[in-house]
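S.K.: Sharing a structure here in structure tokens format.
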């Protein structure tokens, strides 16, 4: 508590081995297609991510933690995201399980790209299709 109040940089990580031991095998329902054409029931592989950061001084909650809580609070039943986030769904399924949150179904789509082939993204200032 003293370190947090003092503003010392920190990162809170999910102990992936312990989390997987608690959760066991997980999967999700994919209505779209993954990077290699994956569809249907997809086996989650959160171990590939290592001990993910779930919060740090500069970012009170990570993207992973934020989206699973936000989706659950809003009652989201189908999540639509770009294919670049396909495998991060493994982490999301693990967090959903650990937090007792419902598991939506997922639909990943091909990335939308500009004339130079770069993906359209808010982070790069893309403004439209």
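What follows is calculated from the coordinates using simple rules that are stated; it is not laboratory data. Since the structure is predicted, the reported quantities are computational estimates derived from the model, not experimental observations. For neighbour counting, all protein chains shown are included, and Cβ atoms are generated from backbone atoms with ideal geometry for every residue, glycine included.
S.K.: Could you please state, rounded to a whole Å, how far the C-alpha centre of segment 88-129 is from the C-alpha centre of segment 1-71?
M.R.: Cα centroid of segment 88-129 versus Cα centroid of segment 1-71: 14 Å apart.
S.K.: Follow-up question, since we're still on this one. Starting from 0.36 nm per residue, how many nanometres of slack lie between residue 11 and residue 74 once their C-alpha separation is accounted for?
M.R.: Working it through step by step, the gained length comes to 20.0 nm.
S.K.: Place the peptides 27-39, 44-56 in order of packing, highest mean first, counting for every residue the other Cβ atoms within 10 Å and averaging per peptide.
M.R.: In descending order of packing, they fall as 44-56, 27-39.
S.K.: With P(r) over Cα pairs in 5 Å bins from 0, in percent in mind, check (1) 2, 9, 17, 18, 18, 16, 10, 5, 3, 1, 0; (2) 2, 10, 17, 18, 14, 11, 9, 7, 5, 3, 2, 1, 0; (3) 2, 11, 19, 22, 20, 14, 7, 3, 1, 0 and report the label derived from this structure.
M.R.: Label (1) holds the value from this structure.
S.K.: Defining a contact as two alpha carbons under 8 Å apart and six or more residues distant in sequence, what relative contact order in percent does the chain show?
M.R.: Working: 183 pairs, mean separation 35.7, N = 129.
The normalised contact order for the chain reaches 28 percent.
S.K.: Taking the simple approach of a point 7 Å from Cα along Cα-to-Cβ for both residue 118 and residue 58, what is their distance in nm?
M.R.: Taking the two extended label points, one gets 2.0 nm.
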